[in-house]
Amino acid sequence: MSASSLPLVVGANTVEDQRARWERKRSRTAKELLETEHRYLEQLDLVLTYFVTILKAKGTLKPAVLETIFGPLESLYSASHVLSLHLEKGNLGPGLENFCQSLDLYGHYAENLEHANKTLKEQVRKNKSFRRFKKLQETRPQFQGRQLEDLLPLPLQRLHQYKHFFRDLLENTSPDTAEYQKLAKTMKSVCEVSHWVQDIFDKRENSLQLLRVQKLLKGQKTQVLTAGRWYIREGWLLVVPAKGEELKRRMFFLFSDILIAAKPCHPLHLLNSSKLSCQAVYPLHQCSVDKVFGHSWSQGGLLSVSLPTCGRQKCQWSQPCKQVSSCLSSRGTEMMTVVTEMQ
């Protein structure tokens with residue numbers, strides 16, 4: 001073999017080795033996808049067989065209530081069943097094309113899940129016949145100690161798994177194949193639905209945080225529950241009074257548009273001993289936050305929060321939001337903050 005031909009042979013072997021590695025990884029991922037799809041179908045089948053089908057036949061729940069609790073679960077099962085049949089035959093491309101048409105079902109399922117859980121709890125509390133039926137079904141050995149509430153989130157957990165499986169398949173498929181294009185399209189669709197679902201969860205969590213803070217504050221004078229407002233974080237800070245008085249320990253709640261300062265109510269108060277009294281609400285679009293000294297992370301320091309009130313140039317809220325957020329996220333050391341109004 002001549003010296004000039006050796007690099008070509010080595011290069012060819014390297015390419016072939018890489019393709020072989022891709023194929024091995026792709027085969028392992030496809031196998032794991034099919035195995036986990038079978039387990040997912042088995043769990044969905046438990047809900048459909050021992051709950052949905054029997055409840056429809058018995059009429060224990062009204063059709064509208066049944067639809068609210070289980071949503072498009074039967075359609076999700078059908079879509080995954082068809083996908084598994086394609087995977088068993090090695091027809092990944094056609095299987096993905098068909099599966100993409102059903103992905104919106106996961107978004108609609110996520111939108112309904114909170115209402116489904118509330119309705120389920122209500123029926124368990126009020127409907128004695130359903131409560132006995134549910135308890136009996138959950139004691140079956142097939143459920144392995146799991147309750148219906150544990151199985152209802154399965155589709156959304158599976159959506160998250162799909163995202164990782166399809167990404168791994170895409171990364172180990174040659175870009176010049178038709179299957180790569182179908183995988184890329186499926187991956188894009190899964191990511192879009194995942195973002196849709198995450199947005200639903202984020203808004204739900206934000207609403208719970210706003211409601212929690214509203215309940216922490218004494219009275220209803222301070223309206224925390226406002227459309228478009230996002231909770232960011234909270235923490236205790238030491239406020240430095242303007243006239244040299246003692247430092248005041250205050251709880252601060254940072255939102256996307258305001259900063260709330262509050263102090264604990266008197267511990268002996270009959271109704272509000274565990275609540276906070278709002279002391280000030282600072283609109284962030286009017287705030288100016290300056291570091292006087294020290295650090296805004298973990299080391300402690302001094303921040304000055306100012307409110308222009310007499311025609312001074314106003315600062316953008318995003319910068320103070322960022323700085324105060326850093327301040328509230330410190331651990332182990334309470335920050336000292338000057339809160340003043342610029343005259």
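Some values worked out for this structure:
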| read-out | value |
| --- | --- |
| Extension gain from Lys263 to Leu48, taking 0.36 nm per residue of separation minus the Cα-Cα distance | 72.2 nm |
| Mean separation of Cα contacts under 8 Å, 6 or more apart, over the residue count of the range 146-265: relative contact order % | 13 percent |
| Only Lys, Arg (+1) and Asp, Glu (-1) charged, at Cβ; the range 76-134 dipole about Cα centre in debye | 820 debye |
| Amide N proximity, the range 44-68 versus Gln157 label position 7 Å along Cα-to-Cβ, cut-off under 17 Å | 44-48 |
| FRET efficiency estimate (nearest 0.05) - Cβ-Cβ, Glu88 to Lys56, R0 22 angstrom | 0.15 |
| Label-point separation in nm, Lys118 to His38, each point 7 Å along Cα→Cβ | 4.1 nm |
| Estimated FRET transfer efficiency when R0 is 45 angstrom, pair Ser129-Lys185 (beta carbons, to 0.05) | 0.45 |
| Cα-projected label distance for Leu238 with Gln147, points at 7 Å along beta-carbon direction, nm | 4.6 nm |
| Where the Cα pairs of the range 29-124 fall when distances are cut into 5 Å bins, in % | 2, 12, 20, 21, 18, 12, 8, 5, 1 |
| The range 1-138, relative contact order [Cα under 8 Å, separation at least 6], % | 25 percent |
| Cross-link partners of Lys135 among lysines (Cα-Cα below 26 Å; sequence separation of 8 or more within a chain) | Lys56, Lys58, Lys62, Lys118, Lys121, Lys126 |
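Computed from the coordinates by the stated procedures, all read-outs in this text should not be read as laboratory data. Only a predicted model underlies this, so the values are computations on that prediction, with no experimental measurement involved. Note: ideal-geometry Cβ built from the backbone for every residue, glycine included; neighbour counts use all protein chains shown.
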